[in-house]
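Report on one structure; see the data block that follows.
The values are calculated or read from the model by the stated rules, or taken from the named source; none is laboratory data. These numbers were taken from a predicted model, which means no experiment stands behind them. All Cβ positions, glycine included, derive from the backbone under ideal geometry; neighbour counts span all protein chains shown. Please note that ligands, DNA and RNA were not included when accessible areas were found on the heavy atoms of the full protein model with its side chains. Shrake-Rupley method; radii C 1.70, N 1.55, O 1.52, S 1.80 Å.
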Amino acid sequence: MASSIQYAVIGLGRFGSSLSKELTELGHEVLGIDRDEEKVDEMSDILTHSVVADATDEEVLRSLGVRNFDCAVVAIGDNIQASIMAAILLKELGVKTVVAKALTDQHGKVLEKIGVDRIIFPERDMGIRVAHQLVSPNLLDFIELSKNYTIAELVVSKRIAGLTLKELDPRARYGCSIVAINKSEDMIIAPTADDILQENDVMVVIGRKDQIDDFESEAIR
Ligand code: ATP
């Protein structure tokens, strides 16, 4: 197992509490900070440490030893001023990696200027993800590698079940390649032309976004 990493999560709202719970379940140490005592109480049995504190107070962050953490996540949303202030302090204290949740593009731009290492837009990104999944029913998940290139997980439908990769031939027909097939019992990495697709297998496909879209809508659906 990968070694345990120390995270500080600031703001234990819906996003921060879900994030910190998952990090704990993944085997990492999490310090949860919120100025709302109720939020801290709710998480106290779950997280390694949880404290009631105002993350915009430099002395408080210093006394909690936040600078020694590998990564700090600012999960304050609504209060943009507090989010920015907490991010500035964490960068100044020298936390190696600072991640912050942004509510709007403007909020994101400010966080970028401060030097926040990774900015996330949960509502915006989840909206995009769900739209793709609604439009492409066989699409489970995707990662954008660049502006054009994507890795997608596509479910094998009844229509193509029983075909070999050679018969389906997405590379020649659509320009995208199947780099792995996840079968319930095992994962085939770098499958060969003779590998057979079974219904509900998951194909990991790499290609241009439009090629994957065409493959999904014309060949699989
Ligand atoms: P979510 O969608 O995750 O529920 P949200 O976008 O509604 O969050 P907020 O409610 O503003 O965001 O913030 C999330 C949490 O951050 C809240 O529990 C709030 O108490 C906490 N918080 C806000 N400001 C501070 C601060 N200065 N120090 C510590 N915690 C704070």
**Report entry** Selected residue (criterion: modelled with the highest pLDDT) from residues of the range 34-54 that are open to solvent by 60 Å² or more (accessible area, probe 1.4 Å) and among the β-branched types (V, I, T)
**Finding:** V52
Report task. For the range 8-26, indicate whether the set of residues that are touching a residue at least 12 places away in the same chain (Cβ under 8 Å) and acidic (D, E) is non-empty. Result -> no
Query - Those residues of the range 127-167 which are out of contact with any strand residue (DSSP E or B) (no Cβ under 8 Å at 6 or more places or on another chain) and among the hydrophobic types (A, V, I, L, M, F, W, C), in sequence order - result: I128, V130, A131, L134, V135, I160, A161
Query raised in the report: Being surrounded by 18 or more Cβ atoms within 10 Å (Cβ to Cβ) and more than 15 Å from the ligand (Cβ to nearest atom), is that true of even one residue in the range 69-82?
Result: yes
Report task. Can you confirm whether the range 33-54 contains a residue that is within 10 Å of the ligand (Cβ to nearest atom), of a type in the set (D, E) and assigned to a strand (DSSP E or B)? Result -> yes
Query - Pairs with Cβ under 9 Å, 6+ apart, first in the range 40-63 and without any contact (Cβ under 8 Å) to a residue 12 or more places away in the chain, second open to solvent by less than 70 Å² (accessible area, probe 1.4 Å) and part of a loop (DSSP other than H, G, I, E, B) - result: V60/A53; V60/D54; S63/A53
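To keep it simple, each residue is scored yes or no on (1) outside the structural domain of A72 (by TED's automatic domain parsing); (2) over 17 Å from the mean Cα position of the chain (by Cα).
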residue	(1), (2)
A100	no, no
D105	no, yes
D117	no, no
F142	yes, no
N148	yes, yes
G162	yes, yes
D169	yes, yes
A172	yes, yes
E185	yes, yes
Query raised in the report: Of the residues that sit in the range 120-147 and are part of a loop (DSSP other than H, G, I, E, B) and open to solvent by less than 80 Å² (accessible area, probe 1.4 Å), which one is nearest to N68 (Cα to Cα)?
Result: F121
Query raised in the report: Only one of these conditions is not met by A72: (1) part of a loop (DSSP other than H, G, I, E, B); (2) in contact (Cβ under 8 Å) with a residue 60 or more places away in the chain. Which number is it?
Result: (1)
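So which strands (runs of 3 or more DSSP E) stay within the range 152-221 end to end and still have 1 or more residues that are within 22 Å of P137 (Cβ to Cβ)?
Details: elements: 177-182, 187-189, 202-208.
Strands (runs of 3 or more DSSP E) meeting the threshold: 177-182, 202-208.
Listed here are the residues, each with its yes/no results for (1) at pLDDT 95 or above; (2) loosely packed, with under 14 Cβ neighbours inside 10 Å.
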{"site": "L64", "(1), (2)": "yes, no"}
{"site": "R67", "(1), (2)": "no, no"}
{"site": "K91", "(1), (2)": "yes, no"}
{"site": "T104", "(1), (2)": "no, yes"}
{"site": "V110", "(1), (2)": "yes, no"}
{"site": "G115", "(1), (2)": "yes, yes"}
{"site": "R118", "(1), (2)": "yes, yes"}
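Can you name the residue in the range 180-205 that is of a type in the set (A, V, I, L, M, F, W, C) and open to solvent by 60 Å² or more (accessible area, probe 1.4 Å) and is also farthest from Y149 (Cα to Cα) among such residues? Give the derivation first.
Let us first name the residues in the range 180-205 that are of a type in the set (A, V, I, L, M, F, W, C), namely 180-181, 187-190, 193, 196-197, 202-205.
Filter once more, so that each one left must be open to solvent by 60 Å² or more (accessible area, probe 1.4 Å): 187, 189-190, 196.
Details: M187: 23, I189: 20, A190: 19, I196: 26 Å.
It comes out as I196.
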Requested in this report: For the range 3-28, name all the residues that are open to solvent by less than 40 Å² (accessible area, probe 1.4 Å), more than 8 Å from the ligand (Cβ to nearest atom), in a helix (DSSP H, G or I) and not β-branched (V, I, T).
Outcome: S20, L23
Query raised in the report: Any idea which of (1) touching a Gly at 6+ places or on another chain (Cβ under 8 Å); (2) open to solvent by less than 70 Å² (accessible area, probe 1.4 Å) is the one D57 doesn't satisfy?
Result: (1)
